[in-house]
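Data block below; observations after.
Since every read-out is calculated from the coordinates, none of them should be taken as a lab result. Computed from a prediction, not measured in an experiment: that's the story for all the values here. Cβ: placed from backbone, ideal geometry, glycine included. Neighbour counts: every protein chain shown.
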Amino acid sequence: MRTGGRVRYLATAVPDPDDHDFAERIAGHRSRRPAGWSTVESADPTTILAEPTPSTCTLIDDIGTWLTARIDARDAWDAPRGTVSPDTDALIAAVAAYTGDLVIVSPEVGMGVIPATRSGRLFRDEIGTLNQRLAQVCDEAFFVIAGLPLRLK
């Protein structure tokens, strides 16, 4: 990624007006972003990635929030795994076709205890598969732990 260029920040959160804690988190994220960044608040990165952006790096934050919104939209928390495949397939295709600089933030949840709830296990499995697929189509992949980046690819 080039340094010093323009940044388009794609925030994937879908705020719930009744969730004051999440609203505070979003406000905190907004206040920490550099003033020169353009921000797009959208739950649909596939559409945003299709828009041409010369000389701009796109930063998607974050894929886990996007995935949660897709599972909600499809009412798939109790559905079979793979129900969100049309959405994840479209995202993978959009990332693979994107020709600009792209940074994707995604959680890694598979390193701890297996969640006790079905919804937790579903999210863990879906984000794990999605992270693997994203890493396959991206030029580079980094794991960041304790603020230290480890280059995986």
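What the table below lists for this structure:
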read-out: Residues with amide H under 5 Å from that of LEU102, placed H, sequence gap 5 or more; value: THR58
read-out: 14 Å cut-off, amide nitrogen to a point 7 angstrom out along ARG6 Cα→Cβ, residues in segment 24-41; value: 36-40
read-out: Extension reserve of the ARG30-ASP78 stretch, reckoned as 0.36 nm per residue once the Cα distance is removed; value: 14.0 nm
read-out: Value of relative contact order over segment 94-153, rounded to a whole percent, pairs C-alpha under 8 Å and six or more apart; value: 27 percent
read-out: Cut-off 15 Å, label 7 Å out along Cα→Cβ of ILE145, residues of segment 85-113 by amide N; value: 107-113
read-out: Given (1) 80, 40, 35; (2) 57, 37, 24; (3) 44, 37, 32, the label whose value is Cα extents along the principal axes in Å derived from this model; value: (3)
read-out: Percent of beta bridges antiparallel (DSSP, the chain, rounded to nearest 5); value: 20 percent
read-out: Where labels lie 7 Å past Cα in the beta-carbon direction, separation of ARG118 and THR39 in nm; value: 3.7 nm
read-out: Principal-axis tilt of helix 63-73 within the chain, Cα atoms, nearest 10 degrees; value: 50 degrees
